[in-house]
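This report concerns only the one structure given below.
Read the figures in this text as sums done on the coordinates, not as results from a lab. It should be emphasised that the depicted structure is a prediction, and the values quoted were computed from it without experimental measurement. Methodologically, a virtual Cβ is constructed for each residue, glycine included, from the backbone with ideal geometry; neighbour enumeration extends over all protein chains shown.
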């Protein structure tokens, strides 16, 4: 990363990834392998893209990487929604709440960055 300053979105996406790892382990114990794998991949990709954006080559590159993170967040929301709506799947409300916070923060970052982009 560029510096050692506290970065809310980095911290939230790392914490979210760790939460999702635990949640998908529960899904796998219940033999819900397909959704567990899809959710694990999309949810951890949010943080990976945010982390990568910290070393973007330009403002437009930063915005692009944050948009990819937002897309991964949207996909993760879909998988969590399926778990919530399915009677045979466990659901983690905390994960859903954390994801909603991350989506709001990403939206603000993208909107603010677009305003300042050349």
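Determine whether residue 9 is crowded, with 20+ Cβ neighbours inside 10 Å, in contact with a helix residue (DSSP H, G or I) (Cβ under 6 Å, 6 or more places away or on another chain), in contact (Cβ under 8 Å) with a residue 60 or more places away in the chain and under 19 Å from residue 67 (Cα atoms).
yes
Go through segment 31-51 and give me each residue that's touching a residue at least 12 places away in the same chain (Cβ under 8 Å) and more than 13 Å from the chain's Cα centre (by Cα).
Passing the criteria: 32, 35, 36, 37.
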